[in-house]
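The structure appears below as structure tokens.
The values are calculated or read from the model by the stated rules, or taken from the named source; none is laboratory data. Just so you know, these numbers come straight off a predicted model, no measurement behind them. FYI the Cβ positions are ideal-geometry reconstructions off the backbone, even for glycines, and counts take in every protein chain you see. Note: accessible area is taken over every heavy atom of the protein model, side chains too, but ligands, DNA and RNA are not part of it. Shrake-Rupley method; radii C 1.70, N 1.55, O 1.52, S 1.80 Å.
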Amino acid sequence: MNIFSSFLILIVSCALINKFSDMLGDNIAKLALKLNIAPNVRGVLLDGVSSSMPEFITSAAAAVLLVFNNDATAFSDVGVGTIGGSAIFNILIIPFLSILFVSSKDLKNIEIDKIALLRDLGVYLVSVAILFFASKSGVLTSKIGILMTGIYVIYAIYLMKSGKIEEEAEMDIEEVEIEESKNMLWIKTLSCLVPIGFAIHFCIISASNIGDYFGISRLIMSLVILAAVTSIPDALLSIKSAKNGELDASIANAVGSNSFDILICLGFIIAVAGVDIKINFSEVSYIFSFLILSSICYSLAFLFKSNKMTKLILLGSPYIGFVYYLYNNV
């Protein structure tokens, strides 16, 4: 495959992800109303899980290379690299884009549930801590994967039980005109994931070819290009929520996606891979530094009062610093 074909495939794949992610967002919004789920829980659970399927597919592909091709660096570079880069992109750039599409006046009138935000941020930081100490040990075992998966399952069950909209406080679901049944909406939602999965597959191939052509390491391609591409669904869902006046769902989606990415896209894949995955911690330690830095900046932007420009600076600056660091050091 020549370089022109690689760029063409990458562009077409991104366009397909864009198209089907938009359809995915519409179906999820309807499904959330049918299931009577609160917007902030929808952002963490439904939006976060469904829009993170590209990361899941990427991680699974890396695990296949590890298990069947004995490519020891694939999971560390592609799997961990893409998830780490995507997490940094999600928590910084997705809220950045969401705020960008909300006027300063509307932003002042939006009240973000800080208790829910702290809850979701806490789960995310726990997932980062587990991955940090596991990576520092130099090996990711199936037991670590099972632990991570179990934490997310408990988290999801808690959200589903606590996130039902109180009927007396919200509109009656029967007043919302949604013609499709719940089963049909589930089918339409899941069917959107198939073309997204194929598009991500070709994104990985084309990005690898582009990286090889320009002499860019697989790790950097994973941290920046693949991370951004796999986060397109997250970004589009969040922007759509922000435009609809649901900034809380948009903000929650960023953290919810990250928790799913680490606990399931990595944890579940590690659990089912059935082999110990070696990690060179010295080569990926800086990723954890930027994961923590991005979490701090995210917290400052949304847990404390600040104007639109301050929020944009808090969210945009660390990502610029992340890319600059990669350009000069990796």
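Worth pointing out:
- With both labels modelled 7 Å from their Cα along Cα-to-Cβ, the Lys308 to Ile320 distance reads 1.9 nm.
- Residues Ile157, Ile320, Ile130, Ile17, sorted by accessible area with the largest first, give Ile320, Ile157, Ile130, Ile17 [1.4 Å probe; ligands and nucleic acids excluded].
- The modelled label-to-label distance between Ser103 and Ser162, using points 7 Å beyond Cα along the C-beta direction, is 3.5 nm.
- Over all pairs of different C-alpha atoms, the stretch 278-330 has a mean inverse distance whose reciprocal, the Kirkwood radius, equals 12.2 Å.
- Taking all protein chains together and rolling a 1.4 Å probe, Thr310 ends up with roughly 60 Å² accessible.
- Note on Glu283 and Glu180: the model spin-label points, each 7 Å out from Cα along the C-beta direction, lie 4.3 nm apart.
- Rounded if a/c under 1.5, otherwise prolate or oblate - the stretch 220-330, Cα gyration tensor axes: oblate
- In this view, the solvent-accessible surface of Tyr325, computed with a 1.4 Å probe and all protein chains in place, comes to about 80 Å².
- Exposure of Met309 as accessible area (Å², to 10), given a probe of 1.4 Å and all protein chains: 120
- Here the gap between Val275 and Phe4, fully extended at 0.36 nm per residue and compared with their Cα-Cα distance, gives a gain of 93.8 nm.
- Solvent-accessible ranking of Lys278, Lys188, Lys243, largest area first, probe 1.4 Å: Lys278, Lys243, Lys188
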